Structure formats: structure tokens, C-alpha cells
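The values are calculated or read from the model by the stated rules, or taken from the named source; none is laboratory data. These numbers were taken from a predicted model, which means no experiment stands behind them. A quick note on method: Cβ atoms are made from the backbone with ideal geometry, for glycine too, and the neighbour counts reach across all protein chains shown.
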Amino acid sequence: MKKTLLYALTALLTMAGAITAQAQCVPVITPGSMILCPNETDTLWSDVHDTYQWLQDGNIIAGATDQFLVVDANTMGGSMISVVTTTTGCPNATDTSDEIFIDGWMFLLPFVIHESPDDHICGGQDSVIFDFSYNASVQWYLNGAPIPGANNDTLIAFAPGLYTAEGAPDVCPNYVLQLGLDLEVTETPLPVITPDSQAICPGTMVTLGTGAYDSYQWYIDGNPIMNSNIPTFLTANEGHYHVQITDGTCTLFSDSAFVWEHTPITPVISLSGNDLVSTPGGSLLSNFQWYLNGVAIPGANDSTYTPTASGDYTVSASDGTCEDTSAAFQHTVSVNDVKVNISFKLYPNPTQGDIYINSAEAVTVILLDNVGRVVYSNAVAGKEHRLTLSRLAKGIYTVKLTGENGSAYEKIILE
């Protein structure tokens, strides 16, 4: 009885060993399933055998005779992979594994959802929200430059410009795709009043302007101005001005522009020797212009003027903000008001046509009419000079002689 049991146990163990040896002859591929991302590669392994030949959809893969096989999504995605092996001691010459399906992920192209009603912001006071369809390896760009820290699938845009993004699906974080288009965010900036500060000179007005918008409302010191729905506003009133504009869906309020009244410095004329002098002078005033009887005197643009004719003199000047004109200064030039820097004789005076000038030095002779205009100019070399006046209208003229020793003047009467 004991021998019978021993024989039976020996038979069972022999059968089990034969079954185990036979099972190891059939190759097994690991991993048993595989899903690849686009452009991704991975490796399949066989258990140990003597030789290997890998198959794709039942066809031999040339050169694929190693224990492992590198598979890629581009050429093997959607294929069935198996391996044929030979093993010493196996009853069959070759054994073939089960087939493994190489699956692959497929994705929609990336897109962006706009959560705002339009891609427009008003004066930096609001924003545009973008949601990207991918949420891995995200990078947002503004005008072609990466936005630091903008690596989430949601972007809040506060500035105008061209936005785009790149990213990948969660399951394939290395499969980065570009959005492929620019998302333009436009802006209506805060309105600006020009000039932002302006003085009003007496008797003048100032024009305040802003940009081109759909509608306007001007304010002074916080109060709306009647009938001021225009892009430019003309005013002579002092105060703080604002403008409210609408542009599409935007309603915006400008910063303040200040307009104030300026009292100019009025020049005062006094006589110093033979010169008329403006007070204050060039330290506070500029752009002088002298007038005789309301007519501008050519070239008389200094703070002092030497009169050559009798009449009412005025001078205008600017204090850098406004220009003002002095009160009239009545001045009489004597017929014989002569500077004696140059020794000369002038005769006859009065005259009916010609005068003669005799000077001891070379001089320039200038003849001025009663408003200071030059009607004759000539350089002579001393001694006697004849000056013909018959072509001129009758009246009072001034002869000015200029030489090395200075200048001299004399009034003449043409009868």
C-alpha cells in the first residue's frame, strides 16, 4: 500500500514538472498593455528565451531580434505586437506570445474660451478672462514675449495687446501644442485733457481738447457744463476741468486740467537821457516791441529805444505767460537835438529839396521819417555830402550820422 502511494506521488510530481517546463516555453510580454502619447516612445520586454523575433500585426519587424522592443506612437500606434521565441528543451521549435495592442492618446487641437463679453478693457479698470483647453505645461504670451508666472489654464488680461498660449493635456504633459492664433485685447484708455494746465491772459480764451470718442460731457469744479457735448471746449473761466466720455461699452472720466487767470506784468516807459526805457527790463520781460503813434517801429525790439521823432510811444513785452502793452509816453524830439559825438555841419535847414552834410570823419548817413522808418542810407567818406530830398513828402525828418566816435542826430524840415 505504501509503495502504491509513493508511485502515485512521483507520477504527479513528474507531470507537474512537465507542465511547468511546457508553460515557460511560451513567451510573455510585459507590460501587458500600453497607451502612448503622441510622439512618445516606450519599451516592451519578453521573458528570457534563446532567440526573439518581434512582429507587428503578424509581420516580421526587420532587425527586431532583442529581448526588448522600442515602440513609438507614430509608427506603431494602433498595432498588435507579438514576439516569437525559441527555447532549449521546449517541445516546439518556436513559440509565439499573445498579442499586445499599442494604444495611443488623441486630442482635440487647443482652444481658448473667452469668459468676457468682448476682448476690450476700459481705461485699465477691468479685465479679460481667457480659459485654455489644456492645463499642463501651460505658458501664456503677450506680444510674443512669455508672461512671467502665467502658467495656469486661466489668464486674467489687464493690458491691451496680442495674447497666445501653449500647453499640453494632463495625461501627456510633454505633448506641448501652440494655440496657433493671437487673441487681441483692445483698450479705451483714460481720456486726457490737453493742455493739463493753462493760464488765461486778459481778453483771451483757452481751448481744452481730448481724443475722439462717441460722446462727451465737460465739467468745471465737478459741475456739468451746459451744451458742452463736444471734443474741444473753449473757455475764459478759471477752474478745474474734467471730461466724461463714452466709447462703445466704456464710460470713463478724465483727470483734472487746471485753468487759471494770469495778471501780466505791464511795462512802464520812462526817459533816461535821450533814451526811452521800459521798466522792468530784460530780467523779467522779453519780446519787446516799440510803437510810435500805434505803428510798430521796425527793429525796435530791446528794452530801450532812442527816439528819432516826436509822438506817442508805447512798448509791448511778454512776461513768459502773457503779453501786455504800456501806457502811451508822449515824447518830443527837438529839431536841433544833436549828439555831439561827431563833429559835422548840416545846411540848409529848413530846406526845399537838397541838404549838405560836412563831416570830419567817414560816416554812414541814415534818413528816417517821422515814425522811425529808414528812407535813405549811404556811407560817405567825410567832407561835404549832398542829400536830395525832392522825391520825399514834405515834413519832419531825422538825419542820423554814425562813425567811429559814435552817433549824432539832427532834425530837418522839408518845406
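Out of all the residues in the stretch 248-256, is one or more in a strand (DSSP E or B) and closer than 30 Å to S303 by Cα? There is no residue in the stretch 248-256 that is in a strand (DSSP E or B) and closer than 30 Å to S303 by Cα. For the stretch 32-50, the tally of residues that are small (G, A, S) and in a loop (DSSP other than H, G, I, E, B) stands at 2. Being in the same structural domain as S256 (by TED's automatic domain parsing) and either in a loop (DSSP other than H, G, I, E, B) or over 30 Å from I35 (Cβ atoms) (or both) is a description that does not apply to Y134. The residues on offer are A393, A360, and the sole one that is modelled with pLDDT under 80, over 26 Å from D302 (Cα atoms) and of a type outside the set (K, R) is A360. Given the criteria at pLDDT below 70 and closer than 26 Å to Y291 by Cβ, does V338 qualify? When the stated conditions are applied, V338 passes them.
Residue-wise test of (1) within 60 Å of the chain's Cα centre (by Cα); (2) modelled with pLDDT under 95; (3) assigned to a loop (DSSP other than H, G, I, E, B).
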| site | (1), (2), (3) |
| --- | --- |
| Y7 | no, yes, no |
| T10 | no, yes, no |
| Q22 | no, yes, no |
| Y52 | no, no, no |
| D66 | no, no, yes |
| N74 | yes, yes, no |
| I81 | no, no, no |
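Consider the stretch 149-172 and keep the residues that are farther than 30 Å from L190 by Cα and crowded, with 18+ Cβ neighbours inside 10 Å. The one that is nearest to the chain's Cα centre (by Cα) is E166. Taking each residue of the stretch 47-66 that is under 15 Å from I100 (Cβ atoms) and looking for partners that are of a type in the set (D, E) and surrounded by fewer than 16 Cβ atoms within 10 Å (Cβ to Cβ) with beta-carbon atoms closer than 7 Å, six or more apart or interchain, yields Y52/D66.
Can P146 be described as touching a strand residue (DSSP E or B) at 6+ places or on another chain (Cβ under 7 Å), surrounded by fewer than 16 Cβ atoms within 10 Å (Cβ to Cβ) and outside the structural domain of T246 (by TED's automatic domain parsing)? In short, yes.
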